[in-house]
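Read through the structure below, which is laid out as C-alpha cells, and then see the notes.
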Amino acid sequence: MGLTIGESAVWPRRSYAWYVLALLTLAYALAILDRVSIALLIEPLQKSLAIDDTQFGLLQGMAFSVVYSVLGLPLGMLSDRSRRVPLLLGGLTLWSVATVGCSLATTFHELFIARMMVGVGEAALVPVATSLIADYFAPGIRPKAYGLFVTGSSLGTAAAMALGGVFLDWADDLIASLPSLFGHMQAWQVVFVLCGAPGLVLALLLLLTVREPARQGGARETEPLSLRPILRLFAQQPGAFALFMLGSVLNLVCVYAIVGWFPALFIRVHGWGAAETGKILGTYGLPVSIFAAVNSGWVIAWLARRGYKDAPILCAMGCAASMAVFGTLSCLAPSGSLALAGYLLNALFLNWNTSAVYTGFAQITPNALRAQVMALQTIASGLIALTAGNFIVGFLSDTVFTGKTGIAWSLGSVFFTCGIGALLVLMAARRGFRAAASDLAALEPAH
C-alpha cells in the first residue's frame, strides 16, 4: 500500500486512499439504491400486496431503521476494536442478498422482514466507512474526502429514481425475453433483483483489493468493552455532541421524507407516471446532488481555512434553511415544473448536512471513539429521522390531509417544522462545537 513521505510517514499513499474512497463511495451509492428504490414502487406494491400509505411508510422507515439503528452501536464498538474491512464486506453482501430477497415477498409481513435484513447489512456501512476515511486521509483534506464520500448518497438516490424508472421499463422485456428467469415475476420484483445484484460484484472487488489502514489520531489504546467512554464524552461536551446530533437528525427527517415520498408527490398531485417520475428526478437531480455533495466538502474546508472552527455546523445550518424554504415551497408548488424547480434548488444544499456530520464528528471525536459516535448518529438517524420522515408523512396523508393533494401538505408540514427546528438547534450548538474542536486539534498528526 505504501506510505506518503512528508512531515509524518503514517498516512496511506494518497493514490491508494482515493481508490479506496471511490469504492466506499460506490458502496454508499448501492446502499442508498437498495434502501430507497422501494419509493418508486409504491403503486405496484400497494396493488400487489394490498398495503396502505401508513404500512408503506413503515416499510420504508421502521422495517429498515429499527435493526439498522440497534445494530449500529455494537458494530461501531466492534469497528473501533477490530479490523473494519471484513465488517464492511459482510454488511455489503448481506444487504445485497436481502434486496434481491425482497422480490420473493408475497405479503406485507414478508417484505417487512426482508427490509429488516437490508437494515442489518447496511448498519455496518457508515460507522466502518467513516472510521476508515479518517485513517486514510489527514485532517487537512479529510473534509474533501468526506464530501466525495457523500456523493455516494446522491448517486444512490438518483440511481434509485433514474434506474428504478429504467428497470421498470426493462422489467417487462426481461419477463418476456427470459421467461425461465423472470417469467414468474412481476415488474416490481425484477426491479429488486436488478438493484441488489451489483453489490455482490462490489463485495468481491473489496475483498481482493482493500486493505486495513493503521489507526491515526487521539487515544490508540483499546479500552474494555463499555459505554462509559462514549457517555463521558457526551456529558463533557453536550453542546458539541448532543445538539449537533439533534440538529442534523432534524435535517435528516426532511431528507428521508424527500427520498420516501417525493415520487408520490409527482405521481399523485401532478399526474406523472412512475417511470417518468424516476427518470426525471434522477436525470435532473443527479448532477445537482453530486455538485452539492462535492461542494459541501470544499465549503467546509474553505470556511475552516478562514478560521471558522464550527464550519460543519454552518454547513448543516445552510441545509436546514434550505429545507424550511425551498423544501416547503416545492411541496406546495401549483405545477409539476415548479415543484421540480424547488426540488432542485433544495438539492443544492441537501448533502451539506451529511458532509457536515461526517467531517464534524471526526473533527471533535478521538479516534478510539469515532465509529461509536457515528453509530450513535446512525441510531438517532434511524430511530428518529428515517422512521419519522417516512411514517409521519404517510400517517398525515392517511388521517389529516386526506384529499388528492394531501401528500403535498403532509410533506410541506414536515419540511417547515423540522427545517426551522434544525436551524435553531444548530445555532445553539456552535459554541460547544468550537470548544470541542479546539480540545482535540492538538492530538491529530499533521500532514
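Looking across segment 186-218, the residues that are outside any helix (DSSP H, G or I) and out of contact with any Asp or Glu (no Cβ under 7 Å at 6 or more places or on another chain) come down to GLN186, VAL210, ARG211, GLU212, GLY218. Taken together, the criteria place LEU148 among residues that are out of contact with any strand residue (DSSP E or B) (no Cβ under 6 Å at 6 or more places or on another chain), in contact (Cβ under 8 Å) with a residue 12 or more places away in the chain and open to solvent by 10 Å² or more (accessible area, probe 1.4 Å).
Given ARG268, ARG220, ARG215, which one is modelled with pLDDT under 75 and either touching a Cys at 6+ places or on another chain (Cβ under 7 Å) or of a type in the set (D, E, K, R) (or both)? Walk me through it before giving the result.
Working: ARG268 fails: modelled with pLDDT under 75; ARG215 fails: modelled with pLDDT under 75.
On inspection, the qualifying residue turns out to be ARG220.
Can you name every one of the helices (runs of 4 or more DSSP H) wholly within segment 334-421 that holds 1 or more residues which are more than 24 Å from VAL120 (Cα to Cα), in contact with a helix residue (DSSP H, G or I) (Cβ under 7 Å, 6 or more places away or on another chain) and open to solvent by less than 20 Å² (accessible area, probe 1.4 Å)? Quick ask: steps written out before the conclusion?
Working: elements: 336-350, 352-364, 370-380, 387-399.
Qualifying helices (runs of 4 or more DSSP H): 336-350, 352-364, 387-399.
Quick check on this structure: which one of PHE415, PHE401, PHE433, PHE391 is aromatic (Phe, Trp, Tyr) and touching an Asp or Glu at 6+ places or on another chain (Cβ under 9 Å)? Give the derivation first.
Values: PHE415 fails: touching an Asp or Glu at 6+ places or on another chain (Cβ under 9 Å); PHE401 fails: touching an Asp or Glu at 6+ places or on another chain (Cβ under 9 Å); PHE391 fails: touching an Asp or Glu at 6+ places or on another chain (Cβ under 9 Å).
After applying the criteria, what remains is PHE433.
Could you list, in sequence order, all residues of segment 16-26 that are within 20 Å of the chain's Cα centre (by Cα), open to solvent by less than 40 Å² (accessible area, probe 1.4 Å) and closer than 16 Å to PRO213 by Cβ? Within segment 16-26, VAL20, LEU21, LEU23, LEU24 qualify.
Exactly one residue out of ALA160, ALA98, ALA105 is free of Cβ contacts under 8 Å to residues at least 60 places away in the same chain and closer than 21 Å to GLY199 by Cα: that is ALA105.
Going by the structure shown, is ALA39 assigned to a helix (DSSP H, G or I), under 25 Å from VAL393 (Cβ atoms), open to solvent by less than 10 Å² (accessible area, probe 1.4 Å) and touching a residue at least 40 places away in the same chain (Cβ under 8 Å)? Lay out the reasoning, then the answer.
Details: assigned to a helix (DSSP H, G or I): yes; under 25 Å from VAL393 (Cβ atoms): yes; open to solvent by less than 10 Å² (accessible area, probe 1.4 Å): yes; touching a residue at least 40 places away in the same chain (Cβ under 8 Å): yes.
Against the criterion (assigned to a helix (DSSP H, G or I), under 25 Å from VAL393 (Cβ atoms), open to solvent by less than 10 Å² (accessible area, probe 1.4 Å) and touching a residue at least 40 places away in the same chain (Cβ under 8 Å)), ALA39 qualifies.
Regarding segment 272-283, can at least one residue be identified that is under 11 Å from ALA347 (Cβ atoms) and in contact (Cβ under 8 Å) with a residue 12 or more places away in the chain?
Filtering segment 272-283 down to residues under 11 Å from ALA347 (Cβ atoms) leaves 281.
After this cut, where a residue has to be in contact (Cβ under 8 Å) with a residue 12 or more places away in the chain as well, the list is 281.
Yes - at least one qualifying residue is present in segment 272-283.
May I ask you to verify whether VAL253 is at pLDDT 80 or above, assigned to a helix (DSSP H, G or I) and surrounded by 12 or more Cβ atoms within 10 Å (Cβ to Cβ)? It is true that VAL253 is at pLDDT 80 or above, assigned to a helix (DSSP H, G or I) and surrounded by 12 or more Cβ atoms within 10 Å (Cβ to Cβ).
Output the residues belonging to segment 66-95 that are modelled with pLDDT of 80 or more, touching an Asp or Glu at 6+ places or on another chain (Cβ under 7 Å) and either under 20 Å from VAL36 (Cα atoms) or of a type in the set (S, T, N, Q) (or both). Within segment 66-95, GLY91, TRP95 qualify. Filtered by the rule that a residue be under 20 Å from ILE113 (Cβ atoms) and surrounded by fewer than 17 Cβ atoms within 10 Å (Cβ to Cβ), segment 71-94 gives a lone residue, GLY90.
The values are calculated or read from the model by the stated rules, or taken from the named source; none is laboratory data. In this text the structure is predicted, and so the values were computed from the model without any measurement. Cβ coordinates were reconstructed from backbone atoms using ideal geometry, including for glycine residues, and neighbour counts include every protein chain displayed. The area values use the complete protein model at the heavy-atom level, side chains included, leaving out ligands, DNA and RNA. Shrake-Rupley method; radii C 1.70, N 1.55, O 1.52, S 1.80 Å.
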